[in-house]
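Coordinate-derived values only; no laboratory data. For clarity, every value in this text was computed on a predicted model and none was experimentally measured. Every residue, glycine among them, receives a Cβ derived from its backbone with ideal geometry; neighbour counts consider all protein chains shown.
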Amino acid sequence: MEGSDFISNLRFAFQWPYCERRCTYCNFNKYISTNVNHDAMRDGLVRETETLLGYSQVKEITSVFIGGGTPSLARPSTIASILETVARVTHVPHNMEVSMEANPTSAAASRLAEFKAAGVTRLSLGVQALCDRDLSILGRDHTAREALWSLEEARRFFPGQTSVDLIFGRPGQNVESWEGELEQLIALCDHHVSLYQLTLERGTALYKQVQEKALSVPEQETMARMYQAARSVLGKAGFLQYEVSNFAKNGAVCMHNLGYWRGRQYLGVGPGAHGRFAPLGEGETQREARIQTLEPSDWLREVRRFGHGTRKRVQQSELDILEELLVMGLRMNEGLTHQFWLQRSPGFDLQEAVGDAAEVKQYLEDELLVLDDRGLRCSWEGLALLDTLLPTLLHQLQLSYQKSVNRSLSLTCFVPPAPGPTPTSHT
Amino acid sequence: MLIGLGRLPVWFSRWRLFSVCVRLRLHGGASAGGGPPGGAGKDYPQRGKDNYDLSEFPTENIRNFSIIAHVDHGKSTLADRLLEITGAIVKTERNKQVLDKLQVERERGITVKAQTATLFYHHAGRTYLLNLIDTPGHVDFSYEVSRSLSACQGVLLIVDANEGIQAQTVANFFLAFESQLMIIPVINKIDLKHAEPDRVAKQIEKVFDIPKEECIQISAKLGTNVDKVLEKVVEKIPPPCANLSDPLRALVFDSTYDHYRGVIASIALFDGWVQKGDKIMSSYTKKVYEVNEVGILRPDQYPVEKLNAGQVGYLVAGMKEVKEAQIGDTFYLQKQPVEPLAGFKPAKPMVFAGMYPVDQSEYTNLRKAVEKLTLNDSSVTVHRDSSPALGAGWRLGFLGLLHMEVFNQRLEQEYNASVILTAPTVPYKAVLSSSKLIKEYGEEEITILNPCHFPDRLQVKEYLEPVVTGTILTPDDYIGKIISLSQSRRGVQKNIVYIDDHRLMMQYLFPLNEIVVDFYDSLKSLSSGYASFDYEDAGYQVADLIKMDFYLNGKCVEELATIVHREKAYATGKAIAVRLKDTIPQQLFEIAIQAAIGNKIIARETIKAVRKNVLAKCYGGDITRKMKLLKRQAEGKRRMRKIGNVEVPKDAFINVLKRQKDK
């Protein structure tokens, strides 16, 4: 079932699991360690890269994403080793995107040349806020000044390929100050901006402070206004919103991330990394969702022993894959095109999949969704409400899919013995 | 049973020979599957030759008694000691509440199901047959208590030397008093550091009019003075009035269900005797049964050749359903009908609640579990019911709140069932005025269990609500708070007396629905746990009842309709509206939640339309988690109920309808 475009190439992502300190809002899989064994980590990452690329039997890697943790804490030579491994085991195009997350600290900024030399082509800078009070609430390890200086440096080394991450909905923030902050940023930033609404995750320090009412985050209404304000401000400044949280001008989109939303295969290497690929090398043609072992020392032990630290493998059914495609695809401004969807599920079009449900018709009528010649996508208003629309869409997809399977079953099972009229549902 | 066997020769020193026969008969019974033991059968003249014959105990050597007490005052511990002293069970450290067989009983320290134990006791050169009939402590189970008492001539009234008289002490005392039983006051726990037995003795004198000198001061835990209790039982409690020469007349005072043997009826013989092979008839059903086995409970079943007048024991006669052994029924010999004994009124459910499986696929299993449980607890009434939100289920009637909780807990513990239990309601009544309706119902006064059937005010003369007499015992420090709590529950004070220098007994007439949900918890918390409460049925009173409806964006939500007293309408409406607001998720449009009486809106809450709801970050590592959440929500859509255009998740209904414990 895998369309050729889905299978022949692969996105490659790897995790550097360490951070210098714990941000108050972050619940990612990360570890604070002062004595990281860089050589051991490098060897582990290289080894797992070799193993998993072997399992995937993929011909080409189209992009690399280096995430974390804080990957700018890794040695540039570690990154170079991994990229060399990728290039050795499989084919990489000469202009391949190699995106890396970095904290805007002076330490990281001072090593940008080395990262570039190692092969990094694109930098995603975790600026988060341009106000020191908020940076300290978020527990970041840099000041606004340091961030702006890092941004200048990054633009010097990665012109047109530098992205800035910002968080909104911070405690005490209001729409006006947010707009001011955005204006300030637009004057300084490069061609890509990611905006994330602050999510209070259970178990984080910030969550606790808000629970205990030591801090309060803006109301949902204010959050909505901040989001819409940001979309307007960035739009006016020539940024195209190509995904819920991502804005680019001059086409400077992150190819790697687009791959996630387009339902492409990807391979995850490193502690806690996630992957989606068919391990042809292991004799499996079905796509699997994989998670690598979370804890770095456990992961390393497994990599040494088995060549990889895959902790969980779940086979994905055709419906699983379509569900992900729907959920991820609608995050993009382009949405799901008919061509794209049918490539994945021949004979089961978008209209049949979701378009016939009364609720979905209501969404279309309310202009939250658009279903036209191009495909299915969110309207401007709809995008902000996507997670309210998705359960209905998913539910409908599941029902329609079951119906279509039953139909094709009945067609294959009840073929009349002699030539005659095609069986119909009339009884 | 083995314990008893080993001990038999010791107590029966006079009948040492016979005990051997008992042993043989038991072995025979076990291997031959209960075939008729040698010679004894339907042949009445043979009876006299029966070797092991409880008629060796003349009626004057028999004492039938119960222990009654407030919860935790040591009833079951005293029972353990009595069993040990008389050798019914071996004395060990582990004898804790031997008669409390259910897990729920041991966990809650309460007795739900009355048990019986027959004890052999030597006193002043004679051997007495003592039948201890255990009773539940809580008045929810007063029906069980009165059943037990009907087989007794006397009671031990246990009072904690530290806590003194509590609400259930009073309630139980009156049950015994009304049955004209000999009451022996026993002050327990005198070993406690803060025990004040003399103060408690004075309370007993004041409240129950029993001279304080008559109280026996004991420590059941340590065994102190427990022998005196047995002496007093023999001395003060009269033997049963029974006549062996009259034809059989046996009262069914309890029944249990055994998966293999069917119904096991606990019986008290007032006249005559009964033995294996007898053809007996139920005066209630007129059905005839052949007796398979009779025996005594020690406390395990211990088969005997026959049971005689004045004795208490069990009977197995091939009854397949608990209903066949109707509590209060009289059994007599088929050939010799007698006037039946005065039975009891059937248990009357006072508290009703809907019960639904958490998942409809569990319906059949739950139904089986409910059926099995009601086999052993015939006081629960079961009606099939269904709710558009919760699916198919039942409306169950319970004797009281504790009864409901115990039932629920037993379902969970013994049958591993998980259920949704709706907030309890009480049986309201309406006296109809509309002749059309009277014709339709076939009677003028109807009971309303489901608010959907609440007749319109124009068609009724009056509405009635059940009321209870509530007894509160409390240290006087809390009097102010308790009075205002009771007033807020529409209670009318009937009586208030000091039972000693610091403790008060108050009696209120309460509408039952005001106390069924959280009254007891509120009382406990405002009195730091010191006040106790109990209640008994006090009939019905005229009440200004109204039906309250709930609307979501103008559409009525049928399953949320409730019957409330007019005075409570606003508070109830507001509370439910707020709970709905907290549980219905935001939707793409604004939702108005309204509580209404007729056309009049009395409370309103608004759920604002969702303005932004989209996960900010969704990359490789976030996808699995996001999909899991969305799939769960999509799954929830299937169980979503649509009221107009509003999607209401099942959880919202559950949250509104189910009993709120953390109030």
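Taking every Cα-Cα distance in chain A and sorting them into 20 Å bins from zero, the calculated P(r) comes out as 24, 55, 19, 3, 0 percent. At a Förster radius of 56 Å, what calculated FRET efficiency corresponds to the Cβ-Cβ distance of B:GLU60 and B:GLU558, to the nearest 0.05? E between B:GLU60 and B:GLU558, to the nearest 0.05, is 0.30.
Report the paramagnetic label zone for B:ALA571: residues of region B:410-437 whose backbone N is under 19 Å from a point 7 Å from Cα along the Cα-to-Cβ axis. Label zone hits: B:423-426.
In this entry, region B:351-421 is assigned a mean projected area of 4.1 nm², taken as a quarter of its C-alpha convex hull surface.
Peptides B:484-495, B:464-475 ordered by packing proxy, namely the average of other Cβ atoms within 10 Å per residue, highest first: B:464-475, B:484-495.
In chain A, the calculated helix contribution to ellipticity at 222 nm averages -13000 deg cm²/dmol per residue, counting -39,500 (n - 2.57) for every DSSP H run with n ≥ 4. A:VAL233 sits among other residues whose Cβ lies under 9 Å from its own Cβ, and their net charge, with Lys and Arg +1 and Asp and Glu -1, is 0.
Counting Lys and Arg as +1 and Asp and Glu as -1 over every other residue whose Cβ lies under 9 Å from the Cβ of A:GLN220, the net charge comes to +1. The equivalent ellipsoid that matches the C-alpha gyration tensor of region A:236-317 spans semi-axes of 32, 17, 9 angstrom, in descending order. B:LYS631: which aspartates and glutamates have alpha carbons under 16 Å from its alpha carbon, excluding same-chain residues fewer than 8 sequence positions away? The qualifying aspartates and glutamates are A:GLU318, A:ASP320, A:GLU323, A:GLU324, A:ASP387, B:ASP622. Applying 0.36 nm per residue to the separation of A:PHE306 and A:ARG133 and subtracting their alpha-carbon distance, the gain on full extension is 57.6 nm. Once both labels are positioned 7 Å from their Cα atoms along Cα-to-Cβ, the gap between B:GLU213 and B:ASN416 label points is 6.1 nm. Cβ crowding within 10 Å ranks B:PHE270, B:PHE331, A:PHE28 as A:PHE28, B:PHE270, B:PHE331, fewest other Cβ atoms first. Can you compute the charge dipole magnitude of region B:195-259 about its Cα centre, using +1 on each Lys and Arg Cβ and -1 on each Asp and Glu Cβ, nothing else charged? Give it in debye, rounded to the nearest 20. The calculated dipole for region B:195-259 is roughly 160 debye. Each residue in A:CYS378, B:CYS241 was given a count of other beta-carbon atoms within 10 angstrom of its own, and listing them fewest first yields B:CYS241, A:CYS378.
The relative contact order of region B:546-657 comes to 28 percent, based on Cα pairs under 8 Å that sit 6 or more residues apart. Taking every residue in A:239-248 and counting other chain Cβ atoms within 10 Å of its Cβ, the average works out to 1.
One Cα centroid belongs to region B:604-621, the other to region A:197-236; the line between them spans 11 Å.
For the residue pairs B:LYS608/B:LYS628; B:LYS581/B:LYS608; B:LYS193/B:LYS221; B:LYS287/B:LYS320; B:LYS555/B:LYS642, alpha carbon separations beyond 18 Å are given by B:LYS608/B:LYS628.
For B:LYS637, the aspartates and glutamates whose Cα comes closer than 13 Å to its Cα, not counting residues fewer than 8 places off in the same chain, are A:GLU359, B:GLU647, B:ASP651. Think of each Lys and Arg Cβ as +1 and each Asp and Glu Cβ as -1; about the Cα centre, that makes the dipole of the protein assembly as shown roughly 1100 debye.
Which FRET efficiency, nearest 0.05, do A:ARG88 and B:HIS259 yield, Cβ-Cβ r, R0 45 Å? Plugging the Cβ-Cβ distance into 1/(1 + (r/R0)^6) gives 0.05.
When all alpha carbon pairs of the protein assembly as shown are counted in 10 Å bins from zero, the resulting P(r) reads 2, 9, 14, 15, 13, 12, 12, 11, 8, 4, 1, 0 %. Taking Lys and Arg as +1 and Asp and Glu as -1, the other residues whose beta-carbon sits under 15 Å from that of A:ALA205 total +4.
Number of Lys-Lys pairs in region A:4-260 with C-alpha atoms under 27 Å apart and a separation of 8 or more places or on different chains: 6.
Region B:427-479 and region A:348-378 have Cα centres spaced 53 Å apart. Between A:GLU365 and B:ALA538, the modelled labels are 5.7 nm apart [label points 7 Å from Cα along Cα→Cβ]. The alpha-carbon atoms of region A:46-129 define a convex hull whose volume equals 94 cubic angstrom per residue. Dividing the Cα radius of gyration of region A:10-65 by its Kirkwood radius returns 1.06 for Rg/Rh. For q = 0.08, 0.17 Å⁻¹, what log10 I(q)/I(0) does region B:386-545 give under the Debye formula with an equal point scatterer on each alpha carbon and no solvent? Each listed q maps to, in turn, -0.32, -1.07.
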